[in-house]
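Undergrad: Shown below is the structure under consideration.
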Amino acid sequence: LENEVNMDDEYKKYFSFAQEKLDELIEIKGIFHDKNYNNNELFLKNLDLIKSRMHTDEKITQRISTLTKKDSIRNPSFSEREKIQQKALKLPLLPTTTIGSFPQTLEIKSLRNRYKKGKISTEAYDKCIKEKIAECIKIQEEIGLDVLVHGEFERNDMVEYFGENLSGFLFTQNAWVQSYGTRCVKPPIIWGDIKRVKPITVKYSTYAQGLTDKPVKGMLTGPVTILNWSFPREDVSNREMALQIALAIRDEVLELEDNGINIIQIDEAALKEKLPIRREDWHSDYLDWAIFAFRLVHATVKPTTQIHTHMCYSEFEEIVKDIEAMDADVISFEASRSNLSIVEALKKVHFKTAVGPGVYDIHSPRVPSVKEISNTINTMLEKIKIKKLWINPDCGLKTRGETETVLSLKNMIQATKSIRKELK
């Protein structure tokens, strides 16, 4: 813990990292062998420490206590919204998009690092980010994508970035966790009650939308994923934390909508990660409140606002019906690495939501050919109705190089356009 030099001592006294855990083992042994442990000095000191943490924000508590099932129901129904959105958005068959992030170059990482260390001004940083967004929008228009993204150049990580912009989170310098391969993330710590204190994504999303006539997706991380990829509190339930985050993200969704963002993606990449081991506990101990939290985020948007979500890192076949209950308008899945197994599962349950199973794997620098992507799309069309299928890579592009990304997306667009011609 001594290496966390930026953390205030007022907070540090509550934490136990590697060295402190070794010390605690000795303390616990002493308390365990003390027959009068209730009066043990170490035990009482720890009890006082825990009690001193017990405080809540009454406004947040009140907001959650009044929630009912009705608060998570979006009107009109999905089938009605689908017609309204088709008319409002005027997207072609097999609409093309990406999952959100574009390549995070060394230049961008260096820019963020210099800004974080105070080496460049907010104005200079903002100017550079907007230049990258404008470049990203131009590239997507030239490639021919139908629904664009701003590229997420301002974001270090999909969870840490939101934690930095919400109240109730603390951050470490060194608490790194392996994500996949050699990629690591630094999860935020949920310290207190969570609320949105300022707009998080509105500035850059609306800036990007102002550069193009094509729709630009607002990009958010969902409440369940923020919870599952953070170090959680131990004094409140997972449900309580998820609902606090859901209400905070809901406020962001509504402000994006008010600023003309008509397609909003709320990623739930980690939905499956806290699923209980015992199947009989799936709903009562997790899915019921997790799905409620997600629905709470988007339940009050207009029928014309199209809600997307994205899921990856897990096999979702066993909970497909629960995913459908999230009541999103479009769901994209990581699919290419699992030989499109999710597509068969979607067909089996007559999945009603529009879907975008990934047509190529972004975890490899290999550029898929037009023919390869065409074959993948045609395989999907054997099991998914054409009006329900979106075309996209299977995950975000932040770890990829710029050249391979552009080439892969060009091939994806060419394959899609060829199939559209064949279907006419």
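The values are calculated or read from the model by the stated rules, or taken from the named source; none is laboratory data. Not measured: the values here are computed from a predicted model. A quick note on method: Cβ atoms are made from the backbone with ideal geometry, for glycine too, and the neighbour counts reach across all protein chains shown. Ligands, DNA and RNA are stripped out before the accessible areas are found, and what is left, the full protein with its side chains, is counted by its heavy atoms. Shrake-Rupley method; radii C 1.70, N 1.55, O 1.52, S 1.80 Å.
Undergrad: Between beta-carbons, use under 10 Å as the cut-off and find the net charge around PHE316, counting Lys and Arg +1, Asp and Glu -1. Don't jump to the answer; show the numbers that get you there.
TA: Numbers: positive: LYS272; negative: GLU315, GLU317, GLU318, ASP322, GLU334.
My count for the surroundings of PHE316 gives -4.
Undergrad: At a threshold of 8 angstrom on Cα-Cα distance, excluding pairs fewer than six apart, so keeping six or more, what relative contact order does the range 1-143 reach in percent? Before the final figure, lay out the partial values.
TA: Values: 23 pairs, mean separation 13.3, N = 143.
Worked out over the range 1-143, it gives 9 percent.
Undergrad: Could you sort 261-268, 316-323 so that the peptide with the highest average Cβ count within 10 Å comes first and the rest follow in order?
TA: Values: 261-268: 23.9, 316-323: 17.9.
Listed from highest to lowest mean packing, they are 261-268, 316-323.
Undergrad: Right, something else. Of all the accessible heavy-atom surface of the range 1-140, with the other protein chains kept in place and a 1.4 Å probe, what percent is carbon and sulfur? Before the final figure, lay out each step's value.
TA: Values: 5380 of 9810 Å².
Ligands and nucleic acids excluded, carbon and sulfur reach 55 percent.
Undergrad: For the range 255-271 and the range 297-333, what is the separation of their C-alpha centers, rounded to whole Å?
TA: With the range 255-271 and the range 297-333 each reduced to a Cα centre, they are spaced 11 Å.
Undergrad: Oh, and also: Need one number: the % of Cα-Cα pairs in the chain sitting beyond the 35 Å mark. Numbers along the way, then the final one.
TA: Details: 28292 of 89676 pairs.
Roughly 32 percent, rounded to a whole number.
Undergrad: Assigning unit charges at the beta carbon (Lys, Arg +1; Asp, Glu -1) and nothing else, what dipole magnitude in debye, to the nearest 20, does the range 156-269 show about its Cα centre?
TA: Numbers: 11 positive and 15 negative charges, 42 e Å.
Dipole of the range 156-269, to the nearest 20 debye: 200 debye.
Undergrad: Once both labels are modelled 7 Å past Cα along the beta-carbon direction, what's the ARG53-ILE84 spacing in nm?
TA: 4.4 nm
Undergrad: Moving to a separate point now. Suppose every K and R has +1 on its Cβ and every D and E has -1 on its Cβ; what is the size of the dipole of the range 45-191 about the Cα centre, in Debye to the nearest 20?
TA: The dipole magnitude comes to about 420 debye.
Undergrad: Pick from PHE102, PHE333, PHE43 the residue whose mean-square fluctuation is largest in a GNM of the chain, springs joining Cα atoms under 10 Å.
TA: Maximum among the listed residues: PHE43.
Undergrad: Checking the a/c ratio against 1.5 first, then a/b against b/c, what shape does the Cα gyration tensor give for the range 234-343? Don't skip to the end; give the middle numbers.
TA: Values: a/c = 2.22, a/b = 1.20, b/c = 1.86.
Oblate.
Undergrad: Express the carbon and sulfur contribution to the solvent-accessible surface of the range 369-424 as a percent, rounded to the nearest whole number, probe 1.4 angstrom.
TA: On the way: 1440 of 2850 Å².
Carbon with sulfur: 51 percent of the solvent-accessible area.
Undergrad: Further question on the same structure: Using the structure shown, select from LYS109/LYS417; LYS90/LYS410; LYS70/LYS398; LYS21/LYS274 the pairs with a Cα to Cα distance greater than 29 angstrom. Spell out each step's value before the answer.
TA: On the way: LYS109/LYS417 35 Å; LYS90/LYS410 22 Å; LYS70/LYS398 38 Å; LYS21/LYS274 25 Å.
From the list (LYS109/LYS417; LYS90/LYS410; LYS70/LYS398; LYS21/LYS274), the Cα-Cα distance tops 29 Å for LYS109/LYS417; LYS70/LYS398.
Undergrad: Let me ask another. How far apart, in nm, are the 7 Å Cα→Cβ label points at ASP126 and TYR11?
TA: 2.5 nm
Undergrad: How many percent of the accessible area of the range 153-310 is carbon or sulfur, using a 1.4 Å probe? Let's see the in-between values first.
TA: Numbers: 2780 of 5740 Å².
Exposed carbon and sulfur together represent 48 percent of the surface.
Undergrad: Right, another one. Out of VAL159, VAL343, VAL185, any idea which swings most in a Gaussian network model of the chain, alpha carbons joined below 10 Å?
TA: It is VAL185.
Undergrad: Describe numerically, in nm with one decimal, the distance between label points set 7 Å from Cα along Cα→Cβ at ARG420 and at GLU135.
TA: My value for the distance between the label points is 2.8 nm.
Undergrad: In square angstrom, what is the accessible area per residue of the chain with a 1.4 angstrom probe? Let's see the in-between values first.
TA: Details: 20930 Å² over 424 residues.
Heavy-atom SASA per residue in the chain reads 49 Å².
Undergrad: With contacts defined as alpha carbon pairs under 8 Å and 6 or more residues apart, what's the relative contact order of the chain in percent?
TA: 18 percent
Undergrad: Could you give the size of the charge dipole of the chain about its Cα centre, using +1 on the Cβ of each K and R and -1 on the Cβ of each D and E, expressed in debye and rounded to the nearest 20?
TA: Numbers: 63 positive and 63 negative charges, 313 e Å.
Roughly 1500 debye for the chain.
Undergrad: Count neighbours as other Cβ atoms within 10 Å of each site's Cβ, and list the GluC sites (Glu not before Pro) in the range 1-72 that are DSSP loop with at most 14 such neighbours.
TA: Values: sites: GLU2, GLU4, GLU10, GLU20, GLU24, GLU27, GLU41, GLU58; in loops: GLU2, GLU4.
Taking the range 1-72 and a limit of 14 other Cβ atoms within 10 Å, the loop GluC sites (Glu not before Pro) found are GLU2.
Undergrad: Which entries of LYS302/LYS347; LYS127/LYS198; LYS302/LYS348; LYS217/LYS348; LYS116/LYS186; LYS203/LYS321 have Cα-Cα distances beyond 27 Å here?
TA: Beyond 27 Å between Cα atoms: LYS302/LYS347; LYS302/LYS348; LYS217/LYS348; LYS203/LYS321.
Undergrad: Tell me, what is the percent relative contact order of the range 278-404, built from C-alpha pairs under 8 Å that lie six or more residues apart?
TA: Details: 156 pairs, mean separation 29.5, N = 127.
Averaging sequence separation for qualifying contacts and normalising by length gives 23 percent for the range 278-404.
Undergrad: Consider a paramagnetic label point 7 Å from the Cα of ASP34 along Cα→Cβ; state which residues of the range 40-84 have an amide N under 13 Å from it.
TA: Taking a point 7 Å out along Cα→Cβ of ASP34, the residues of the range 40-84 whose backbone N falls under 13 Å are 40-48.
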